[in-house]
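The values are calculated or read from the model by the stated rules, or taken from the named source; none is laboratory data. Given the structure is predicted, the values throughout are model-derived calculations rather than measurements. Cβ sites come from the backbone with ideal geometry, for glycine too, and all protein chains shown count toward neighbours. When the accessible area is computed, the model is the full protein with side chains, heavy atoms only, and any ligands, DNA or RNA have been set aside. Shrake-Rupley method; radii C 1.70, N 1.55, O 1.52, S 1.80 Å.
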Amino acid sequence: MTDAVLRLERLTKRYGALVVSDEVSVDVRPGEIHALIGPNGAGKTTLIGQIAGRVAPDAGRVFLAGEDVTALPAATRARRGLARTFQISALVSDVTARENVVLAIRSRSPGRLMPVPWFGARRFDEEAGARLTEVGLGDRADVIVSSLSHGERRALELAAALALQPKVLLLDEPLAGVGKDESRAIVKLIGGLRGRIPMLLVEHDMDAVFRLADRISVLVYGRIVATGTPSEVRADPLVRSAYLGEEDAAC
Amino acid sequence: MSKTRRDFLVLGLMLAILAVLPLVGLPGWVITYTARIMAFAICAVALDLVLGYGGMVSLGHAAFLGIGSYAAGILIAEGIEDFFIGLAAGAAAAGLYALATGAIAVRTKGVAFIMITLAFGQMAFFVANALSEYGGSDGLTLWSRATLNGTRALKSDTTLYFVILAALVASLGVVRLVTASPFGAVLRAARNNPERVTALGYDVERVRLWAYVLSAVLCGVAGVLIANLTSFVSPALMAWQRSGEFIVMVILGGAGTVWGALAGAFVVLALEEGLSLATQHWKIAFGALLVAVVLFTRGGIAGLFDRSAR
Amino acid sequence: MKHVITLAAASLALTIGTAAAQEKLKIGMMVTLSGPSAVLGQHQRDAFNLAVKQKDGKLGGLVADVVIVDDELKPDVAVQKVQGLIERDKVDIVTGVTFSNVMMAIAKPVFESKTFLVSSNAGPSPLAGKACSPFFYSASYQNDQNHEAMGKYAQDKGFKKVVVMVPNYQAGKDSAAGFKRHFKGEIADEIYTQLGQLDFSAELAKIVAAKPDAIFTFMPGGMGVNLVKQFTQAGLSGKIPFLSAFTIDETTLPATQDAALGLFAGAQWAPGSDNPASKAFVAAFEKEYGYVPSLYAQQAYDSALLIDAAVKAAGGKVKDKEAMQKAFRTASFESVRGSFKMNTNGFPIQDFYVVKAVKRADGKYATEPVEKVFTAYGDVYAKECAIN
Amino acid sequence: MSFTLLAVQTLNGLQFGLMLFLVAAGLTLVFGVMDFINLAHGVQYMLGAYLTAVLAPHAGGFFGALALALPLTLALGLVLERIVFRPLYGRGHLDQVLATFGVILIVNEGVKLAFGAAPISVPVPDLLSGSVMLTDGLLFPVYRLAIIGAGLGTGLLLWLVIDGTKFGMLVRAGATNAPMVSALGVDVRRLFTAVTAFGAMLAGFAGAMVTPILSVEPGMGDGVLILAFVVIVVGGVGSIRGAFLAALLIGLVDTLGRSFATDILKLMVSAPTANRVGPALASMAIYVLMAGVLAVRPGGLFPSRSAG
């Protein structure tokens, strides 16, 4: 347990009388993909917000590689190794794909806020190119982001997150709104990262979740109702009634 | 020719014209008037750093101009006449005020940022009005300009013109350098998508704060120059309408472009002078022009130029 | 012998006449013509133009070329424009100037270029005292004087307790200081309002609570209009004597109308003044422009007369600065206000009155003198002025 | 600083605050629903005042003029919306600011051209003239009570419309999530037009109401515009409830600050110092208040957008 890369300890958040996170404890271990699933309104977005540092929890703590980061702002957490993607693609849309990745790469370097042009820029450009090639965007590097397709932007987000060389990656519905073909490519991409970077994956697409996840936690009404391997979760009667039951019926 | 190269060519041409202007035998008032426009242009260029590149619409920049000019004016009134001391004091005073107020202001965004900067600008305005020792609302006449290395060289309008031109070139240079730097890249990216930039590990508020401070320092410098040029400082210099005028200059010229803010300052102030000579009701024509520019162009004068050049 | 002199005078006049044909008198008039205070500048401009027109376009025998500029009530704009007047239009005299902050801003460049500055309104204390200049002459007053007149009046009337309310800017503070110079009773409260404030309900409530014998106020332009209307609406008119300066005059009366009737102001002149020059001026002005002239108009009219007299006395040699200075100091003309004498600091020595707003027989509103407060009164700063 | 004085000042603050509310309500709706920064809103206030002042002698006094001014300001709002605002809805705030600033210049100068620079006045209608004795010797003008009544009445009416009608529901929904409203198949353009014209009329109503107590002059809307922006930012953009409370708060802070800041300071420092510092502090009070509110709650008191 202590060697978890990311550990949430009894995170609690209330909005008035509504408890959106109810003593949530989850951990992501080295090398694993840990998926977080739950029906709409289960509190996934708020939970992600607390992990990333956008939302302050009322109680509980967040540990990143054993270090308590609960009080740190989002930007600092990112530099400490917590990278994320957004549910709705969030990129700097008026510059090229490469520049988005360069921003990420540079944020690791001490000169990230130099107020004068840095003449080692080529090195960053090249590294960014390599990162983009990794996610299959090698030939789209110098296209302005707003002209990229939805799936390409998803991939670019992944490239930018990876460029941070994070200790752990937070994926907030990476397949939301992506077409079937592109979806397959992204699943492949995420699968390819298994073992390299531990991930917390929030996703609605159950096929993808069961294909990718090493472990799954189920969040219902702000509470973790089950954690286990895909087969354990699939078998859990509580999960079946609360969540998968509907899914099965829908299928 | 690439757009960037063309932009720098335009900028270079504008500055070259400004550099030879005093040498072609124009009457003195044209020189002092151009010097005044250049001093205001410094503040417009500085505002463009936060407005055009940072997406922060400050309605309080006149306060920095005023603080800079008061710092210079008070020093001269107290017998400290050296130009560079005045310059340093004006820049530092404006920068410090920006640091203190900006720390609060950058937490807000959109119209709240506009209004909170207005609020801090108004506070400075009312303080200046209460400075009875230095003329209060009547302002303070500087019976002599600052000394340059112990000489009265600035007494010559032409010398002061070139000092202001040098400051303008330096300000353009600083803004250019900063916007091309990693800091500038983060500032611009944060205008587009602050959340993403935060997720990449950048403290957006801090980046914005330092841009705001730098912008204020440049406006403070402009204030010192204006104080020496007009030999007069008064709270009227920091009225909120003046801040609005700076915004108009930047947007009209083209926000976040190489030479837009400079062109905007010249167009606004030259039109004011030219139209007001032609008719007492020049504001109607000026207002109509603003509406027309917005309705029929995109990206101000610089944008218009781009399209016709294409 | 007598004939010879007449002949000599005639030929001299002829020479001056020819000189005038070649040489013009260039005058730059800077007044505030935009913003809420534009009406003050309008009075000044119209009256000055009237004087020039009445003299067939000539002042001091020279053809007067008057350039009118709007200072927009922005000191730095004013400096820019005055530089244009001096260097581009090459004016011999700058006149007008509605507000003191504008006056302070343009004084230095005007003096440095050795151009004469003839104020038709603003009279800030530095220019009367330490920063006085042989290039500055006023046809109006020193800023403190009208307030001093009200202070003296309040003292003479035996008021014991007065509330002073002025806008929070330099002229307002000078006004309060001027009032207190001759009023020795108790100042129950000094209220400083925001410049440009339009709602005085809070202040009026406070004044009522203080139960004063009188209030003294200085609220030029739109502020005055609102104050007077609200003062009367609050039922205070007739209960608390209303003493003022630059608040009740012909620029505000068209808007306040009945609300201002019976309220007092300190002034060196009012349209109701009973002297022939004044009556002729008021009649001509109303005929020309269709509205009643204010003291701002009268001052500008007198400025033109002063310039006329000075240029005449200097023999039309406007470029001879020393001769012009001497001429300005000694020039005598029939001032609309009655007695007028130039003090050592270039400000007038004159009489001051308490005036009150009345409705004239023709239905128009105007002020008329009630009683004289000061006779041949100079300002207190003249002794600090080093020119002699 | 007696209790009665405090009571009168509170009433004065209330009256000032309600005036501000009338102007701010339209501004916050237009801003909230359309995400449109309308600097020309102050001009509507001025036009309401001018129309009332100019029409009063011909329309049988104040009430007749008021009755004519309301539909006219509504019409002017429609015209402005059609010509200038509509093309700018999709554009950035900066373009909106520049264009509506241009409108201010044109209308201010146009009014001066048409009616002169001198202030115009409107007498208090006989029906509402005079003062009422509140307590011993403290009079309060009836007309100001009428303004308080009109402000409260309009506030109530707005609340009923916004809370109880379909139009109100759409406006509320628009303020929170404009794309959703258009996704529901509502003709958003017509909604926008209605809201703009309605807001213009409210501002015009405020301008008309102040004619008997304030002088009608070119540029009279500029200062009010800034105060209205202070109100909507403090209240939270798009929130009528926020605008109402913020307007009252600002009206009271400004009025009470002007009345008592100097006196309170006199208890702490010497009288001359208090006389110098007090008025400056009173002038700043609302700005200090706004900066304070925004520092703690960047989205204002009632942030209606979740982004706050």
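Some notes on this structure:
- Peptides C:78-84, D:34-40 ranked from most to least packed give C:78-84, D:34-40, packing being the mean of other C-beta atoms within 10 angstrom over each peptide's residues.
- The Kirkwood hydrodynamic radius of chain C, based on inverse pair distances between different Cα atoms, is 21.3 Å.
- Whole-number D in µm² s⁻¹ for the protein assembly as shown, Kirkwood Cα-pair radius fed into Stokes-Einstein, 20 °C, 1.002 mPa s: 64 µm²/s
- With the helix formula -39500 (n - 2.57) applied to DSSP H stretches of n ≥ 4, chain D reaches a computed 222 nm mean residue ellipticity of -24500 deg cm²/dmol.
- Averaged over residues, the count of other Cβ atoms within 10 Å places the peptides C:29-37, D:63-71, B:246-254 in the sequence B:246-254, C:29-37, D:63-71, highest first.
- Across all Cα atoms of region D:1-118, the radius of gyration (one decimal) and Dmax (whole number) stand at 17.3, 55 Å.
- Mean per-residue shielding of peptide C:234-243 is 2, counting Cβ atoms of other chains within 10 Å of each Cβ.
- Solvent exposure of A:Asp94, expressed as accessible area, is near 70 Å², computed with a probe of 1.4 Å over the protein chains only.
- Relative to one another, the C-alpha centroids of region D:183-261 and region B:241-310 are positioned 29 Å apart.
- Dividing the mean sequence gap of close Cα pairs (under 8 Å, 6+ apart) by how many residues region A:1-78 holds gives a relative contact order of 37 percent.
- Pairs of alpha carbons in chain A whose separation is greater than 21 Å (percent): 59 percent
- With helices as the sole contributors, chain A gives -10000 deg cm²/dmol at 222 nm; each DSSP H run of n ≥ 4 counts as -39500 (n - 2.57), and the sum is divided by every residue.
- Amide H within-cut-off set for C:Met29, under 5 Å, with H built and near neighbours excluded: C:Val67, C:Ile68, C:Val69, C:Thr95
- Per-bin percent of Cα-Cα distances, region C:269-366 [10 Å]: 15, 42, 27, 13, 3
- Accessible carbon and sulfur surface of region A:103-184 relative to its total accessible area, %, 1.4 Å: 52 percent
- Stokes-Einstein, applied to the Kirkwood radius of region B:204-310 over Cα pairs at a viscosity of 1.306 mPa s and 10 °C, places its translational diffusion at 102 µm² s⁻¹.
- Computed from backbone phi with θ = phi - 60° and the Karplus coefficients 6.51, -1.76 and 1.60, the 3J(HN,Hα) list for region D:278-289 is x, x, 4, 5, 4, 5, 7, 3, 5, 6, 4, 4 Hz; x is used for glycine and proline.
- Modelled spin-label separation between C:Glu371 and A:Val143, with each label point placed 7 Å from Cα along the Cα-to-Cβ direction: 9.3 nm.
- Note on region B:25-239: with neighbouring protein chains present and a 1.4 Å probe, carbon and sulfur make up 67 percent of its accessible heavy-atom surface.
- Taking 7 Å steps out from each Cα toward its Cβ at C:Asn275 and C:Glu23 produces label points 3.1 nm apart.
- Taking all protein chains together and rolling a 1.4 Å probe, D:Val288 ends up with roughly 70 Å² accessible.
- Shielding score for C:351-364, defined as the mean number of other chain Cβ atoms within 10 Å: 0
- Neighbourhood net charge (11 Å Cβ-Cβ; Lys/Arg +1, Asp/Glu -1) for D:Leu170: +2
- Accessible area buried at the B-A interface, both sides summed, 1.4 Å probe (Å², nearest 100): 2200 Å²
- Computed over protein heavy atoms with a 1.4 Å probe, the accessible surface of region D:3-296 works out to 35 Å² per residue.
- Under 10 Å, Cβ to Cβ, from A:Asp58 - net charge with Lys/Arg +1 and Asp/Glu -1: +2
- Carbon and sulfur %, accessible surface of region D:3-296 computed with the full protein complex present, 1.4 Å: 73 percent
- Over 29 Å apart at the Cα level, from the set B:Lys155/C:Lys74; B:Lys109/D:Lys166; C:Lys180/C:Lys211, are B:Lys109/D:Lys166.
- Calculated on alpha-carbon atoms, Rg and Dmax of region A:32-119 in Å: 15.7, 50
- Of the residues making up region D:214-241, those losing 50 Å² or more of accessible area when the isolated chain is joined by the remaining protein chains, with a 1.4 Å probe, are D:Leu214, D:Ser215, D:Glu217, D:Ile226.
- Accessible surface buried once B binds D (1.4 Å probe; total of both sides; Å²): 3500 Å²
- Rounded to the nearest 500, the 222 nm mean residue ellipticity of chain B from helices alone is -24500 deg cm²/dmol, with -39,500 (n - 2.57) taken per DSSP H run of at least 4 residues.
- Listing of region C:104-119 residues, each with accessible area lower by at least 40 Å² in the full protein assembly than in the chain alone (probe 1.4 Å): C:Met104, C:Lys108
- Solvent exposure of chain B amounts to 33 Å² per residue of accessible area, where only protein heavy atoms count and the probe is 1.4 Å.
- Where C meets B: accessible area buried, both sides, 1.4 Å probe, Å²: 2600 Å²
- Dimensionless Rg over Rh [chain D; C-alpha; Kirkwood]: 0.99
- Shielding value for D:115-125 is 6, the average number of Cβ atoms from other chains within 10 Å of each residue's Cβ.
- Taking every protein chain into account, the 1.4 Å probe leaves B:Phe83 with about 10 Å² of accessible area, to the nearest ten.
- For region B:25-239, the pair-distance distribution built from all alpha carbon pairs, in bins 5 Å wide starting at 0, is 1, 8, 15, 19, 18, 15, 10, 7, 4, 2, 1, 0 percent.
- Site pair A:Ala130 and C:Asp258 shows an inter-label distance of 9.1 nm when each label is modelled 7 Å from Cα along Cα→Cβ.
- In chain D, Cα pairs under 8 Å separated by at least six residues give a relative contact order of 35 percent.
- Summed residue charge, Cβ within 15 Å of C:Ile349's Cβ, Lys/Arg positive, Asp/Glu negative: 0
- On Cα atoms only, tilt of A:97-106 relative to the major axis of chain A in degrees: 80 degrees
- Integer Hz, Karplus 6.51/-1.76/1.60 couplings in order for region C:98-111, x for Gly and Pro: 7, 10, 5, 5, 5, 4, 5, 6, 8, 3, 4, x, 5, 4
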